[in-house]
Amino acid sequence: MCSLFRDSWLVLLVGVLFGGGMVQTAWILHRADSTDNPGSAGESTAHPASPRREFSRSTSATEVPGRPGIEEKARSLAARDPQAAWQQSLAITNFAERSAFLAGLMREWARIDPAAALEMAGTLPAGALRQQAFDAACAGWVSQDPEAAALWATRHLTGPLAGQAFGSIAKEWAASDPKAAADWVAGLPAGVLAESATTEVISAWVKSDPLAAVSWIDSFTDSAQRISALSTLTAEWSGQSPAEVARWVDSRQGKPEAGEVAEALIGEWGAQDPRAASQWVMTLAGELQINTAAILLSLWASSDPQVAANWAAQFPAGETRTEAIPAIASTWAASEPEKAVAWTLSLPDSPEQRDALDDSVRTWTTLAPTTFGIWVEQQPPGEATDHLRTVAAEMLVEARPQDALAMAQKIFDPVRRDRSITRLVRQWASDDPTAARTWVARADLPRGVIDRVKIPED
């Protein structure tokens, strides 16, 4: 089977199996609207428009051993003499240590004298340290006076600098008053500037009152923003109570966000308890079941492919089974090819069983052609083994044409063997006619094969 949709399953499944994690859809953000402010500390940036945005966390602070201790030391120094602490920060040459020191220093300084702290943050050159200084100073000020800090940030910061600082403000504010933080975020310009702040409000609010957060998101007028925020909320909420979230997701069926929130739920639930998640997936129908099953299989196959395969085999005839069986077989073959092929051979004959067998052989041949060659040599001669050699040879021909032809030459049925060799040589000749012609001249091929190949002269 060569459908584009199933190919996406294979990418997702193999990526997870090799530690890549679930493939996340990249988002492109709308251009941020910013006010021309000669005194602003930041640079505006343009982003091409997109109908779809996904909310994500702002960049995390640089990790460094002993970071909490460094931040605490900076806070202690800043409480006594912030100017002296600032001078000390300038002398730190290790970037990660300086970042940790600045985080503690600016947060504490802004609690005491936010204007001075923010003015000093603006003297840093553009880059990660400047961003961190503004983020920490804004967070520190919010802990004392959130309304004043938020007002200053919206008036003085622009571009990416503003977007991340807004996230820091929202995170600090929402921890104590998510409703007030949400009201402030609702007044931010739509697009990239509000993205991080929205995520932080959702993360904080979902811990105390997820349905209140849902109500807030449902008030968004931008459909793409609303769906993306609901997906973020679902993922956060699912980490706490996936069964409860499943009941809520069921209540959203028929709405534009139904697919997005279902996939966000299964992405979390599948990692926690794939068996329980699989029971819920079986209650779904149509494309929703197909998509959630793909995500669940990608997670399950990375930890227990045998159980995942057995679950996939339980699907009744239909599109979900048609897509799932080959996808899990191909993924499993990447780590345990003999088991994957044995499983596909144990399935009842059907189009998806034949696709699964071919896909697992293609994966095995691509990743470990030598071991596949040894295995196929042990199989009894006949139509089934000839088919496996044909599939493997077609997979090998582009990168290893001579190995592909060696595989084809062992096909038992002479008609099938000659047909396979002809196709392989023609494909090789389209890329490297000289090498293909040399191989044909040296190979002991029937006259009919040589005549059918017809490699043109250079």
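List of remarks:
- Under 12 Å from K255, Cα to Cα: aspartates and glutamates that are on another chain or at least 8 residues apart: D218
- Options P446, V142, A204, ranked by Cα towards positive dipole end of the chain, top entry (Cβ charges): P446
- Restricting the calculation to Cα atoms, region 241-343 yields a radius of gyration followed by a Dmax of 13.6, 44 Å.
- Label positions at T438 and R354, each projected 7 Å from the Cα along the C-beta direction, are separated by 3.9 nm.
- Computed on region 317-458, the Cα convex hull volume stands at 117 Å³ per residue.
- Potential lengthening between T366 and M282 on full extension [0.36 nm per residue; Cα-Cα distance subtracted]: 26.9 nm
- Theoretical gain in end-to-end length, K339 to S215 [0.36 nm per residue, Cα-Cα removed]: 39.8 nm
- Acute angle (nearest 10 degrees) that the helix 319-333 long axis makes with the longest principal axis of the chain, alpha-carbon atoms: 90 degrees
- Qualifying lysines (Cα of each under 22 Å from Cα of K207; at least 8 residues distant if same chain): K171, K179
- The listed residues S238, S208, S223, once ranked by accessible area (1.4 Å probe) with the largest placed first, stand as S208, S223, S238.
- Positive contributions from Lys and Arg (+1) and negative ones from Asp and Glu (-1), summed over other residues with Cβ under 14 Å from the Cβ of E147, come out at -2.
- Once the convex hull of all Cα atoms in region 177-237 is built, its volume per residue stands at 68 Å³.
- Net +/- balance of residues flanking D183 in space, Cβ distance below 11 Å, scoring K and R +1, D and E -1: -1
- Alpha-carbon Rg/Rh ratio, for the chain, with Rh computed the Kirkwood way: 1.13
- Approximate shape of region 75-155 as ellipsoid semi-axes (Cα gyration tensor, √5λ), whole Å, largest first: 20, 14, 10
- Rounded to the nearest 20 debye, dipole of the chain from Cβ charges on Lys, Arg, Asp, Glu: 640 debye
- Neighbour-limited loop hits for trypsin sites (Lys or Arg not before Pro), region 365-442 (at most 16 other Cβ within 10 Å; DSSP other than H, G, I, E, B): K410
- Considering only A174, L296, F372, the residue lying farthest towards the positive end of the dipole of the chain is F372, judged by Cα position with unit charges set on Cβ.
- Sites D304 and E383 - FRET efficiency at Förster radius 30 Å, r taken between beta-carbons, to 0.05: 0.35
- Estimated FRET transfer efficiency when R0 is 56 angstrom, pair S176-A317 (beta carbons, to 0.05): 0.55
- Anchor K454: aspartates and glutamates whose Cα lies under 15 Å away (excluding residues fewer than 8 positions away in-chain): D418, D431, D432
The values are calculated or read from the model by the stated rules, or taken from the named source; none is laboratory data. Worth saying up front: this structure is predicted, and the values here are computed from it rather than measured. Every residue, glycine as well, gets a Cβ built from its backbone with ideal geometry; the counts of neighbours run over all protein chains shown. The accessibility values were calculated without ligands, DNA or RNA, using every heavy atom of the protein model including side chains. Shrake-Rupley method; radii C 1.70, N 1.55, O 1.52, S 1.80 Å.
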